[in-house]
Amino acid sequence: MRNVAVFGARNRPVARALSVSGSVLIDGIRFRCGVVRTPDVAFDPAAAANRFRVLVRVRAASCNYRDRGLIAALRHADAGRFFTVGSEFVAEVAAVGEGVTTLRPGDRVVANYHYEGLPELPGGVRAGVPTNQATKEWQSFHERQLRRVPASMPDEVAAAFALNAQTAYGMVRRLEVRPGANALVTSAASNTSLAILNALRGRGVDVYAATSSEQAVPRLLALGARDVVVVGRGRAGFADDRALGEVLRAAGGADYVLDPFFDLHIARALELLNPFGKYVTCGLAAQTHHAARAAGVDAPEPLGAIAVQLIMKNLTVLGNCVGLTEDLDRALRDYDAGRLDPVVDSVFAGDDVGAFLDRTFNDPARLGKVVYRYD
Ligand SMILES: NC(=O)c1ccc[n+]([C@@H]2O[C@H](COP(=O)([O-])OP(=O)(O)OC[C@H]3O[C@@H](n4cnc5c(N)ncnc54)[C@H](OP(=O)(O)O)[C@@H]3O)[C@@H](O)[C@H]2O)c1
């Protein structure tokens, strides 16, 4: 079976070139990458251990911000070793265990990232991200870790949909948004925020988007933003931007802030919130030392100033990690009903692994998810 693989960066590369077809620069280190073939997975549907398991063949997959840190860790691995990358996929069910009732061979499925705050679901099933190696062509999962996708959703969309949609729907659910309210979405051109804009459609909320990507403005407006403010890149660029404050003040202030990078935005975002406003975040830019330096967030925010805003304005701060099965199901239903417009930037295949990873992690022109497809 095939794997989209990134090789370790330590020591000299082994003499036989191990399927290397390209390279990608992550956190200042150049990693070699390529498609590696490994033995197929053996799966006995009658085995007791596979009673609730499902064997799938991955058709297409994608990476997320979190995968950058997993690749960066390969700086400590020898050049002859590799890691199979990816945290999202669309796959076809090939076989099911005897106790599986929700899926059957031929179904197309995506990962279900259902997460309630603990690493395991009852029954010992891993919660949250089912695999950090989504490009492994054959793998098996518990049936609860998979959801069927509608026939209306092409592979390229499905391979890049579930993680951000489930997170965005989880964030919107946690805020209990009310029609007529104002929401500010930060880093609006990030994949998470593009999914948030989709999740906020049809909820009667006026959405204001802040982005450092000028070229994304037309797409953000098309996704339902009432106004888009182009801010300076990084924490200081966001904090110093007067136009954002003016736009929000003219609109009556923000009732909600949805923020994928708390370490870039939280201090200023709280200033922009109305009394009793709610702020929700799902992540941070500083997932590695290098990323922290690159984003200019290696110094912590002043906690005192943040606490004063929280207390004096009776604000609520929510942390959110992905969502529940019902969030993903609602997103899949909304897609099938034509209510969502997921943003796919580009699709790669074959030996274009370096280009796939470079576009995913490094290209400032990227807007939306980057997909790798097996032919
Ligand atoms: N916990 C969870 O369940 C969960 C799920 C999904 C995502 N997340 C987290 O959400 C965050 C976003 O992930 P993603 O995959 O959506 O990221 P992404 O698509 O790679 O984000 C890229 C965008 O982030 C903004 N950005 C990045 N670095 C910046 C910097 N130094 N200064 C200013 N803006 C910067 C820019 O937005 P603009 O161009 O608009 O300025 C950029 O276009 C990550 O922390 C990720 O781990 C968490």
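Coordinate-derived values only; no laboratory data. Owing to the predicted nature of the structure, the values given are computational and were not obtained by experimental measurement. All Cβ positions, glycine included, derive from the backbone under ideal geometry; neighbour counts span all protein chains shown.
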Classify region 164-319 as rounded, prolate or oblate, taking a ≥ b ≥ c as the square roots of the eigenvalues of its Cα gyration tensor: rounded when a/c is under 1.5, otherwise prolate if a/b is larger than b/c and oblate if not. rounded
Post the alpha-carbon centroid distance, region 91-107 to region 265-291, in whole angstrom. 41 Å
Anyone know which of Gly34, Gly237, Gly123 comes out most mobile in the 10 Å Cα GNM of the chain? Gly123
Degrees, to the nearest 10: 242-251 long Cα axis against longest axis of the chain: 80 degrees
Roughly what angle does helix 325-336 make with the longest principal axis of the chain, taking Cα atoms, 0 to 90 degrees, to the nearest 10? 90 degrees
Could you tally the net charge around Ala286, taking each other residue with its Cβ under 9 Å from the Cβ of Ala286, Lys/Arg +1 and Asp/Glu -1? -1
Computed FRET efficiency, Cβ-Cβ of Thr38 and Arg148, R0 25 Å: what is it to the nearest 0.05? 0.35
Explain nothing, just the number: relative contact order of the chain, from Cα pairs under 8 Å at least 6 residues apart, as a whole percent. 19 percent
Over region 173-221, what is the relative contact order in whole percent, taking alpha-carbon pairs under 8 Å and six or more residues apart? 45 percent
For Thr102 and Arg51, calculate 0.36 nm times their separation in residues minus their Cα-Cα distance, and state this gained length in nm to one decimal. 17.1 nm
Under a Cβ-only charge scheme (Lys and Arg +1, Asp and Glu -1), can you give me the dipole magnitude of the chain about the Cα centre, in debye to the nearest 20? 480 debye
Gain upon complete extension [Asp78, Asp341; 0.36 nm per residue less C-alpha separation]: 90.5 nm
If each of Thr325 and Asn132 carries a label point 7 Å out from its Cα toward its Cβ, how far apart are those two points in nm? 2.6 nm
Calculate the dipole size of region 157-274 relative to its Cα centre from +1 charges on Lys and Arg beta carbons and -1 charges on Asp and Glu beta carbons; express the result in debye to the nearest 20. 280 debye
Tensor-based shape of region 32-124 (alpha-carbon gyration tensor, a/c under 1.5 rounded, otherwise prolate or oblate): prolate
Among Ala48, Val317, Tyr372, which residue has its Cα positioned farthest towards the positive end of the charge dipole of the chain, with +1 placed on the Cβ of Lys and Arg, -1 on the Cβ of Asp and Glu, and the dipole taken about the Cα centre? Ala48
The extension gain from Val125 to Ile29, computed as 0.36 nm times the residue separation minus the Cα-Cα distance, is 31.0 nm
For the residue pair Ala250 and Gln215, what label-to-label distance in nm results when each label sits 7 Å from Cα along the Cα-to-beta-carbon direction? 2.8 nm
Taking the Cα-to-Cβ direction at Ala292 and at Thr316 and moving 7 Å from each Cα, how far apart do the two end points lie in nm? 3.1 nm
What percent of all Cα-Cα pairs in the chain falls into each 10 Å bin, going from 0 up to the bin containing the maximum distance? 5, 23, 31, 25, 12, 3, 0
Taking Cα atoms only, helix 162-175 is inclined relative to the longest principal axis of the chain by an angle, in degrees rounded to 10, of 30 degrees
With an 8 Å cut-off on Cα pairs and a minimum separation of 6 or more residues, tell me the relative contact order of region 164-319 in percent. 21 percent
